[in-house]
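Participant: Structure below; questions to follow.
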Amino acid sequence: MSDPFFHPVSGFELPRFAGVPTFMRLPHVPPDHPRFAEVEIGLLGVPWDSGTTNRPGPRHGPRQLRDASTMIRAQHPVSGLRPFETARCADLGDVGPNPADIGDSMQRITAFYDRLVGAGIRPLTAGGDHLTSLPVLRALAKDGPLGMVHFDSHTDLFHSYFGGTMYTHGTPFRRAVEEGLLDPGRVVQIGIRGTMYDAEDRDFAAATGIRIVTIEEFFDRGVADVMKEAREIVGRQPTYVSYDIDFVDPTFAPGTGTPEVGGPNSFQALQVCRELCGLNIVGADLVEVSPPFDASGGTAFLAVSILFEMLCAMLPQPG
């Protein structure tokens, strides 16, 4: 029988607009909590966007996502999975960044995730800009490089910005490959589109064996076929999932810093996550939600719906 302590507060018990918001109304279990070591999947925020090079705001994402996530209920509508009864989940709080120092913030993030790894907790992260993924991977990939399924408009494989700035939200996965955190032969990037500075990032992908699925190929082949290939690429070995909300067309997700037109709709945004089931997911993130550009709150609600889908994909599958 699952432990009621780790169950979310039901909307039948307390209205969803009432109470202190946590991710999906789960208990708040920070690292100094006596039950921290019992958590199996930890939801947490990284309110940091010092890697942003265009429209800022993702530092405010985790707070907005917590509020929007009070609308998430206990059961998946298609699979019937009830994740909070299958795994002990909790809101672990936020990693406190240093907004004036990128290097110090990354060290703080990695140190926080080191504690999760030490406790055997798999993280489900709400960012934050996409540079967030790099310090997280530094903690999760200490035993060897990971595979990655990456949903995005952009590859984030650039060498540097502004003549030598190595750490921005456009460079995390270039650094991760260089540092041996990702196995490029087990990395697939899905949804890539938009005008380009040049082909440097795609040339790096081709040279190292990273598979890029452009949006044109995504729509030509369909979700099921593309995701079948993605599962084959990463296999059964440890895999990270990184989901930039700008993967989704800005009609459905305008609240982000670098939107690109011509993307998937909100249903397809959920479908790709459902096709992750059965993978060996050691951690996942959802990044780049920018509340200042999300006047309706629709981007945030889509984002937490994606987080719920990824949470379900991280569970043991029935049968």
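The values are calculated or read from the model by the stated rules, or taken from the named source; none is laboratory data. On a predicted model such as this, the values are computed, not experimentally measured, just so you know. Please note: Cβ atoms are built from the backbone with ideal geometry, for glycine as well, and neighbour counts cover all protein chains shown. Please note that ligands, DNA and RNA were not included when accessible areas were found on the heavy atoms of the full protein model with its side chains. Shrake-Rupley method; radii C 1.70, N 1.55, O 1.52, S 1.80 Å.
Participant: Quick check on packing: order 30-36, 120-126, 230-236 by the mean number of other C-beta atoms within 10 Å, highest mean leading.
Facilitator: Packing proxy ranking, top to bottom: 120-126, 230-236, 30-36.
Participant: Roughly what would the spin-label model give for Thr53 and Ala100, points 7 Å off Cα along C-beta, in nm?
Facilitator: 2.6
Participant: Once neighbouring chains are kept in place and the probe is 1.4 Å, which whole percent of the accessible area of the chain is contributed by carbon and sulfur?
Facilitator: Roughly 55 percent of what the probe reaches on the chain is carbon or sulfur.
Participant: Suppose only helical runs count, i.e. DSSP H with n ≥ 4. What mean residue ellipticity at 222 nm does that imply for the chain under -39500 (n - 2.57) per run, divided by all residues and rounded to the nearest 500 deg cm²/dmol?
Facilitator: It comes out at -9000 deg cm²/dmol, rounded to the nearest 500.
Participant: Taking 7 Å along the Cα-to-C-beta vector as the label spot, tell me the Glu85-Asp143 distance in nanometres, rounded to one decimal.
Facilitator: 3.1
Participant: Using 0.36 nm times the number of residues separating Phe17 and Phe5, minus their current alpha carbon distance, what extension gain do you get?
Facilitator: The Phe17-Phe5 span can extend by a further 2.2 nm.
Participant: Do any GluC sites (Glu not before Pro) in the stretch 164-206 lie in a DSSP loop with no more than 14 other beta carbon atoms within 10 Å, and if so, which?
Facilitator: Listed in order of number, the matching sites are Glu179.
Participant: Something else now. Using Cα atoms only, what is the angle between the long axis of helix 223-234 and the major principal axis of the chain, expressed in degrees (0 to 90) to the nearest 10?
Facilitator: Orientation of helix 223-234: about 80 degrees from the principal axis.
Participant: Identify, among His60, Ala230, Phe301, the residue whose Cα sits farthest towards the positive end of the charge dipole of the chain, taking +1 on the Cβ of Lys and Arg and -1 on the Cβ of Asp and Glu, with the dipole about the Cα centre.
Facilitator: Checking the options against the dipole of the chain, the answer is Phe301.
Participant: Under 10 Å, Cα contacts only: if you run a Gaussian network model on the chain, which one of Thr251, Thr110, Thr165 comes out with the highest mean-square fluctuation?
Facilitator: The residue with the greatest mean-square fluctuation here is Thr165.
Participant: Turning to a different aspect of this structure: Fully extended, how many nm does the chain gain between Tyr197 and Arg236 (0.36 nm per residue separation, minus their Cα-Cα distance)?
Facilitator: Length difference between fully extended and current span is 10.5 nm.
Participant: What angle, in degrees between 0 and 90 and rounded to the nearest 10, separates the Cα long axis of helix 298-313 from the longest principal axis of the Cα atoms of the chain?
Facilitator: Roughly 80 degrees, rounded to the nearest 10.
Participant: Gain in length, Asp32 to His76, computed as 0.36 nm per residue apart minus the alpha-carbon separation, to one decimal in nm?
Facilitator: Here the answer is 12.7 nm.
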